[in-house]
Structures are given as C-alpha cells and as structure tokens.
Amino acid sequence: MKTVLVCPDVHIPFECESSIRGLIRVAKELRPDVFVCLGDLLDFYQLSRFDKDPSRKTTVADDCDLARKWFYKLDRALPDKCTKVFIEGNHEARLQKWIWANGSDLGKMIPALGDYLHLPALGWEHVRYGELWRYGNVAYMQGDRCGMNVSMNMIRKYGCNVVHGHDHGAGLRYFANAVSRVWSLNCGHLSDMNQQEYLYGGVADWTLGFGLVE
C-alpha cells in the first residue's frame with residue numbers, strides 16, 4: 001500500500017493559512033510515500049490579463065520568495081524518502097507566457113521557475129504545465145476543465161483514473177462500462193476566497209480541501 005498526499009491550488013500570496021497548517025499537520029502525521037502539488041501554487045496576479053488593483057500588487061519575486069519558503073516548510077514536514085512532485089498549473093504558465101512576450105531575447109539569463117524555487121536542491125520532480133504525471137494506474141494533473149460535471153468530463157477526455165485540481169471544487173466520480181471502472185478525484189483548493197477580488201465577496205462553488213490516494 002502506497003499513500004499519496006495531494007495539494008491542489010494554493011494561489012500564493014492568497015493562500016488560506018489555516019488550511020495550509022492543516023495540510024502540514026497531516027503531512028507530518030501521515031508520512032506519505034508521495035506528495036504531489038497539482039499546480040497553481042503561485043497566483044501570479046501581476047501577470048494576469050485582468051485589470052489589477054495597484055494597492056494589492058506584490059512583485060513576482062516577492063511571491064516566488066514566499067513559495068520557496070513554503071517548499072522548505074513542507075520539505076521539513078515530509079519523510080526523507082517521500083517522492084515529491086510539483087506540476088505547473090495555468091497560473092505558473094503566466095510567467096512563461098510573459099517571458100515569451102516581453103523577455104524572450106534574454107534567453108537563458110532568466111532562470112527556470114523550478115530552479116528559482118530551489119526544487120532540484122530539495123529533491124522535487126518538476127512537471128511542466130500541460131504534462132501529466134503517472135503513478136501506478138493514476139494520472140495526476142492540474143486539469144483543464146471547470147464547471148458542472150468537471151470530474152466526469154475529465155474521465156471522458158483522459159479515459160483513466162485522474163486526480164486533478166484547477167476547478168477548485170471537490171468530489172469523487174466513478175464511471176463504469178462493460179469491462180472496467182475508472183474514477184476522477186477533484187481535490188478542491190487551499191486559497192483564501194475573500195482575497196480573490198473577482199469573486200465579489202468570496203462567494204463561489206469552491207471547496208477547501210486536499211486529496212489522499214491509497
């Protein structure tokens with residue numbers, strides 16, 4: 001039996017601090033074999049295409065520094081032999097898109113996000129945005145579906161057991177046919193809804209949570 005602890009969308013610097021403390025506590029007590037971060041660890045509010053409130057803006061470097069501290073804190077909570085995987089989400093992809101649009105001529109002078117966050121030094125596997133990470137008969141990914149029946153739509157697209165984030169909802173959906181049965185786990189989110197200004201009062205069909213797969 002292997003235990004996989006799954007961390008969905010955190011959206012630093014808009015994380016839910018009490019939920020993060022809960023995740024850290026579970027990591028210490030559970031001592032999982034595998035820890036997977038599903039992406040959107042960073043929000044990169046500064047790089048979004050939406051209008052931005054200047055009073056809320058931090059710098060990209062500030063937020064990356066916070067994320068680096070988060071990785072170090074989590075690393076201390078996980079067992080030494082734990083397999084650690086960071087899958088980029090669409091919010092992390094904002095950085096690459098910005099570099100392509102504004103700084104492509106600098107080339108290798110701009111470090112990769114994983115390197116800046118010290119992921120290789122901490123022993124984390126770094127999975128690029130849009131790629132899947134497989135463990136056993138389960139595919140782990142950030143996800144590219146939202147809305148009603150999101151987990152069913154993930155099963156229809158990928159045709160296998162899927163663990164995903166992105167939608168910020170939570171739930172487990174099974175689908176069976178004449179020869180097999182597969183499932184999709186939507187792991188929720190770990191952000192502070194009151195800090196997401198586009199929610200207009202922190203109201204949305206989102207669920208705070210994280211995932212556990214055995």
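Quick look at the numbers
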quantity: Subset of the stretch 182-205 (residues that are closer than 14 Å to SER151 by Cα and either open to solvent by 60 Å² or more (accessible area, probe 1.4 Å) or in a loop (DSSP other than H, G, I, E, B) (or both)); calculated: GLY188
quantity: From the options ASP65, ASP75, ASP51, ASP80, residue that is assigned to a helix (DSSP H, G or I) and without any contact (Cβ under 8 Å) to a residue 24 or more places away in the chain; calculated: ASP65
quantity: Residue identified as at positive phi, more than 15 Å from the chain's Cα centre (by Cα) and of a type outside the set (S, T, N, Q) among ARG25, ARG31; calculated: ARG31
quantity: Selection status of SER48, out of contact with any strand residue (DSSP E or B) (no Cβ under 7 Å at 6 or more places or on another chain), modelled with pLDDT under 95 and open to solvent by less than 30 Å² (accessible area, probe 1.4 Å); calculated: yes
quantity: Residues within the stretch 1-18 that are closer than 16 Å to ALA67 by Cβ, under 15 Å from the mean Cα position of the chain (by Cα) and touching a residue at least 60 places away in the same chain (Cβ under 8 Å), tallied; calculated: 8
quantity: The stretch 128-143, residues that are of a type in the set (D, E, K, R) and either in contact with a Gly (Cβ under 7 Å, 6 or more places away or on another chain) or part of a loop (DSSP other than H, G, I, E, B) (or both); calculated: ARG128, GLU131
quantity: Pairs where the first residue, in the stretch 138-160, is on the phi < 0 side of the Ramachandran plot and of a type outside the set (Phe, Trp, Tyr) and the second is open to solvent by less than 50 Å² (accessible area, probe 1.4 Å) and part of a loop (DSSP other than H, G, I, E, B), C-beta under 6 Å, 6+ apart; calculated: ALA139/CYS160; GLN142/LEU38; GLN142/GLY39; GLN142/GLY89; GLN142/GLY165; GLN142/HIS166; CYS146/ASP167; VAL150/ASP167
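Let's see how each residue does on (1) open to solvent by 50 Å² or more (accessible area, probe 1.4 Å); (2) out of contact with any helix residue (DSSP H, G or I) (no Cβ under 6 Å at 6 or more places or on another chain); (3) not acidic (Asp, Glu):
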position	(1), (2), (3)
THR3	no, yes, yes
PRO8	no, yes, yes
PHE35	no, yes, yes
PRO54	yes, yes, yes
ASP62	yes, yes, no
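Here is a yes/no grid of residues against (1) open to solvent by less than 70 Å² (accessible area, probe 1.4 Å); (2) out of contact with any Cys (no Cβ under 6 Å at 6 or more places or on another chain); (3) in a strand (DSSP E or B):
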| residue | (1), (2), (3) |
| --- | --- |
| VAL85 | yes, yes, yes |
| HIS91 | yes, yes, no |
| GLN96 | no, yes, no |
| LYS108 | no, yes, no |
| GLY114 | yes, yes, no |
| ALA121 | no, yes, no |
| HIS126 | yes, yes, yes |
| ARG145 | no, yes, no |
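The values are calculated or read from the model by the stated rules, or taken from the named source; none is laboratory data. Please read all numbers here as calculations on a predicted model, not as lab measurements. Here Cβ is always computed from backbone atoms with ideal geometry, including for glycine, and neighbour counts include all displayed protein chains. Keep in mind that these areas ignore ligands, DNA and RNA; they rest on the heavy atoms of the full protein, side chains included. Shrake-Rupley method; radii C 1.70, N 1.55, O 1.52, S 1.80 Å.
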